[in-house]
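First the structure, in the form of structure tokens, and then the observations on it.
The values are calculated or read from the model by the stated rules, or taken from the named source; none is laboratory data. Every value quoted in this text rests on a predicted model; they were computed, and no experiment measured them. Here the Cβ is made from the backbone with ideal geometry for all residues, glycine too, and neighbour counts use every protein chain on show. Accessible surface areas use protein heavy atoms only, side chains included; no ligands, DNA or RNA. Shrake-Rupley method; radii C 1.70, N 1.55, O 1.52, S 1.80 Å.
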Amino acid sequence: QVQLVESGGGLVQTGGSLRLSCAVSGRTFSLNTKGWFRQAPGKEREFVAVINWSGVSTFYADSVKGRFTISRDNAKNTVYLQMNSLKPEDTAVYYCALDPGPLYGSSWSPTYWGQGTQVTVSS
């Protein structure tokens, strides 16, 4: 059993910053891939960022490049999403996700998901 628990969401003004965290517990996978998705009201869930097991490879959605940074601490089994220069269109529920296998390119299929954390950016 694998559990992912997100934290760090909240309400912030346009231009502000938030840092999301996702703590993973349960079964461990040595080469796992971690990442973030988001879902805005009335829209489909979309990819935000992904990071490979070593932290060397990262990929971002075009909409967040240059503003968001994904990182991970394998000792803590945690993945982070630093979000800067936030915009109202970043408002969404943000989900942490994990793929037990390695990352090949920018395409991946998560197996495990967190419950999500709400991020609201006011204009």
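Things worth noting here:
- Using the 1.4 Å probe convention, the accessible area of the chain works out to 52 Å² per residue with neighbouring protein chains retained.
- Antiparallel DSSP beta bridges within the chain, as percent of all bridges there, nearest 5: 90
- Sorted from longest to shortest, the spans of the Cα atoms of the stretch 1-48 along the three principal axes equal 38, 22, 17 Å.
- Spin-label model distance (nm) - Gln82 vs Glu44, 7 Å beyond Cα toward Cβ: 3.2
- Based on Cα atoms of the stretch 47-91, Rg over Rh with Rh as the Kirkwood radius reads 1.00.
- Length-normalised contact order of the chain in % [C-alpha pairs under 8 Å, at least 6 apart]: 36
- Equivalent-ellipsoid semi-axes of the stretch 61-123, from the Cα gyration tensor, Å, largest first: 23, 14, 13
- Taking every alpha-carbon pair in the chain and binning the separations at 10 Å intervals from zero gives 14, 50, 30, 6, 0 percent.
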